[in-house]
Amino acid sequence: ITQAVIPFFTAYLPIAFCCILPFFGLNAPFFSVITPPMCGLHPVLDCLIMLTTVSQFRKTLSNFFYCRGVRRNSKVGALE
């Protein structure tokens, strides 16, 4: 669910507001300014969501950041 919601708020919703608001006569320059950075932020957030929600990735990531050493039976290996 999270991987479906994040692109909606970071990529599709700002672009939709940029396209739809002028039809209603509303001027919202905020959306035209915020849309490019939000679209660029989407791939970064998508990768972070994947790393934190998949349990094996999360365990390997925590082992890497807490310097616990690499388990040899891990299915996901860290770069050495």
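The values are calculated or read from the model by the stated rules, or taken from the named source; none is laboratory data. Quick caveat, the model's predicted, so the values are computed rather than measured. Cβ placement follows ideal geometry from the backbone for every residue including glycine, while neighbour counts extend to all protein chains displayed. With ligands, DNA and RNA removed, areas are computed over all heavy atoms of the protein, side chains included. Shrake-Rupley method; radii C 1.70, N 1.55, O 1.52, S 1.80 Å.
Quick look at the numbers
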{"quantity": "Neighbours by Cβ (under 7 Å, 6+ apart or cross-chain): first from segment 30-41, in contact (Cβ under 8 Å) with a residue 40 or more places away in the chain; second in a helix (DSSP H, G or I) and open to solvent by less than 70 Å² (accessible area, probe 1.4 Å)", "calculated": "none"}
{"quantity": "Filter result for V76 (of a type in the set (A, V, I, L, M), out of contact with any helix residue (DSSP H, G or I) (no Cβ under 6 Å at 6 or more places or on another chain), outside any helix (DSSP H, G or I) and at pLDDT below 85)", "calculated": "no"}
{"quantity": "Hits in segment 56-70 (condition: open to solvent by less than 80 Å² (accessible area, probe 1.4 Å), in a helix (DSSP H, G or I) and more than 19 Å from I6 (Cβ to Cβ))", "calculated": "Q56, T60, S62, N63"}
{"quantity": "Residues of segment 34-47 that turn out to be out of contact with any Cys (no Cβ under 7 Å at 6 or more places or on another chain) and surrounded by 12 or more Cβ atoms within 10 Å (Cβ to Cβ), as a count", "calculated": "8"}
{"quantity": "Identity of the residue in segment 4-28, part of a helix (DSSP H, G or I), over 24 Å from the mean Cα position of the chain (by Cα) and of a type outside the set (F, W, Y), that ends up farthest from M50 (Cα to Cα)", "calculated": "P22"}
